[in-house]
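Just below is one structure, and these are the notes that go with it.
The values are calculated or read from the model by the stated rules, or taken from the named source; none is laboratory data. Everything numeric here is computed off the predicted structure, so don't read it as measured data. Backbone-built Cβ (ideal geometry, glycine too); neighbour counts: all protein chains shown. In case anyone asks, the SASA skips ligands and DNA or RNA and just uses the protein heavy atoms, side chains included. Shrake-Rupley method; radii C 1.70, N 1.55, O 1.52, S 1.80 Å.
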Amino acid sequence: MKLQASHTADRSEAYQEVSQSSVIRLLFKQLRPKQWTKNLLVFAALIFSLKAINVSAIVNTLTTFFLFSFVSGCVYILNDYVDREADRNHPVKKFRPMASGALNPTGALVFGGILLVCSLVVSYKINPLLMLLLAVYFAMNVSYSLKLKHVVIMDIMVIASGFVLRAIAGGLAINVHLTPWFLLCTMLLSLFLAIGKRRHELFLLDKQKDAHRKVLDKYSFTLLDQLTSIVATATIISYSLFTLTAGRTIYLMWTIPFVIYGIFRYLYLIHIENKGGAPDRLLVEDKHILVTVVLYIASVLSILLIFE
């Protein structure tokens, strides 16, 4: 009996060691690093400010990228903490660290609070306005997670606003002023992607809309298609005006065809292939969009280096 008890104790101790060693991995998973690609937008200001690039600008922009990733991760922690009971009954969300019981909810919440405070402190050292922006971003996303994601139209507006804040943050990181036209383009393009995502969700859950997102019950294909047409047109026009009025070289207008093709390709994926549920994955999975983005960035860099 003593020998059996000894073996049981050893197994229990080994389980605790494995559990403790996996906490860091679970906390990192809780931050949802797969979503961090959205924060690459903070590099936009750096790309359009080649003359201002130096080691300090690169470090500050890279730091801002991780700050946004960490703060958004804190939102995910709070969201999963609040929804952990409901997530346990969801076929996919039940595997999340807190919902599955693998990660202690209270410990995750404390970790998120510490990470948020540290992120705000670091952002203050880069630029006090950046700290304020991150605080607004956190508050806005918490409001979205708790309430606004259930409010029709407002849900996609909040998503788009988050991308605008990312773009502004990139400018604050290197003390560069972004033109209103660029921010408008960012807002419209983000709306375009958010509407496409809602349409894809509606397509998948047309028969049981309220089983996933309650707000889907208030949308229709007709409404979303009209919104898509309006926003896609406005995006192309706004970007064209940005290239002409941004105070940079006029040759940036050569990049307009890439923007038009990218939008048309995404419309094709939405309406013909019924995709669009995960815009960040489409960037990698769809070779046409991936090549278009690479060529767009390369052309912008080349034009600014040669003609500016």
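Filter region 50-92 down to residues that are among the acidic types (Asp, Glu) and either farther than 19 Å from MET140 by Cβ or within 19 Å of the chain's Cα centre (by Cα) (or both) and give me whichever is most open to solvent (accessible area, probe 1.4 Å).
Here is the first cut: in region 50-92, the residues among the acidic types (Asp, Glu) are 80, 83, 85, 87.
Next cut, either farther than 19 Å from MET140 by Cβ or within 19 Å of the chain's Cα centre (by Cα) (or both) only: 80, 85, 87.
Numbers: ASP80: 5, GLU85: 111, ASP87: 12 Å².
Among them, the one singled out is GLU85.
What number goes with the only condition from (1) open to solvent by 20 Å² or more (accessible area, probe 1.4 Å); (2) under 18 Å from the mean Cα position of the chain (by Cα) that PRO105 does not pass?
Single failed check for PRO105: (2).
Here are some conditions: (1) closer than 30 Å to LEU227 by Cβ; (2) β-branched (Val, Ile, Thr); (3) surrounded by fewer than 16 Cβ atoms within 10 Å (Cβ to Cβ). VAL164 meets all but one. Which one does it not meet?
Every condition holds for VAL164 apart from (3).
Examine region 263-272 for a residue that is part of a helix (DSSP H, G or I), surrounded by 13 or more Cβ atoms within 10 Å (Cβ to Cβ) and of a type in the set (Val, Ile, Thr), and state whether such a residue exists.
Among the residues of region 263-272, at least one is part of a helix (DSSP H, G or I), surrounded by 13 or more Cβ atoms within 10 Å (Cβ to Cβ) and of a type in the set (Val, Ile, Thr), which makes the answer yes.
For region 265-305, enumerate the residues that are β-branched (Val, Ile, Thr), touching a helix residue (DSSP H, G or I) at 6+ places or on another chain (Cβ under 8 Å) and either free of Cβ contacts under 8 Å to residues at least 60 places away in the same chain or within 17 Å of SER190 (Cβ to Cβ) (or both).
Correct list: ILE270, VAL284, ILE289, THR292, VAL293, ILE303.
With open to solvent by 20 Å² or more (accessible area, probe 1.4 Å), on the phi > 0 side of the Ramachandran plot and at pLDDT below 90 as the only criterion, which of GLY247, GLY276 stands out?
Values: GLY276 fails: open to solvent by 20 Å² or more (accessible area, probe 1.4 Å).
The match here is GLY247.
Taking the conditions exactly as written (under 22 Å from PRO180 (Cβ atoms) and assigned to a helix (DSSP H, G or I)), does LEU67 satisfy them or not?
Details: under 22 Å from PRO180 (Cβ atoms): no; assigned to a helix (DSSP H, G or I): yes.
Against the criterion (under 22 Å from PRO180 (Cβ atoms) and assigned to a helix (DSSP H, G or I)), LEU67 does not qualify.
Across region 281-308, what is the total count of residues that are open to solvent by 70 Å² or more (accessible area, probe 1.4 Å) and modelled with pLDDT under 90?
7
What are the residues in region 70-92 that are more than 26 Å from SER161 (Cβ to Cβ) and either outside any helix (DSSP H, G or I) or at pLDDT 90 or above (or both), if any?
ARG88, ASN89, HIS90, PRO91, VAL92
For region 148-157, enumerate the residues that are surrounded by fewer than 18 Cβ atoms within 10 Å (Cβ to Cβ) and touching a helix residue (DSSP H, G or I) at 6+ places or on another chain (Cβ under 8 Å).
Kept after step one, since they are surrounded by fewer than 18 Cβ atoms within 10 Å (Cβ to Cβ), are these residues of region 148-157: 148, 150-154, 157.
Passing the criteria: LEU148, HIS150, VAL151, VAL152, MET154, MET157.
Please enumerate the residues belonging to region 108-135 that are of a type in the set (Ser, Thr, Tyr) and surrounded by fewer than 20 Cβ atoms within 10 Å (Cβ to Cβ).
From region 108-135, those of a type in the set (Ser, Thr, Tyr) are 119, 123-124; that's our starting set.
TYR124, the sole residue that qualifies.
The conditions are (1) part of a loop (DSSP other than H, G, I, E, B); (2) on the phi < 0 side of the Ramachandran plot; (3) modelled with pLDDT under 90, and VAL215 fails exactly one of them. Which is it?
In the conditions (1) part of a loop (DSSP other than H, G, I, E, B); (2) on the phi < 0 side of the Ramachandran plot; (3) modelled with pLDDT under 90, VAL215 misses (1) alone.
Quick check on this structure: which one of LEU184, LEU202 is assigned to a helix (DSSP H, G or I), in contact (Cβ under 8 Å) with a residue 12 or more places away in the chain, open to solvent by 40 Å² or more (accessible area, probe 1.4 Å) and in contact with a helix residue (DSSP H, G or I) (Cβ under 6 Å, 6 or more places away or on another chain)?
LEU184
Take LEU189 and decide whether it is within 25 Å of ASP280 (Cβ to Cβ), touching a residue at least 12 places away in the same chain (Cβ under 8 Å) and open to solvent by 30 Å² or more (accessible area, probe 1.4 Å).
Numbers: within 25 Å of ASP280 (Cβ to Cβ): yes; touching a residue at least 12 places away in the same chain (Cβ under 8 Å): yes; open to solvent by 30 Å² or more (accessible area, probe 1.4 Å): yes.
So LEU189 passes the test.
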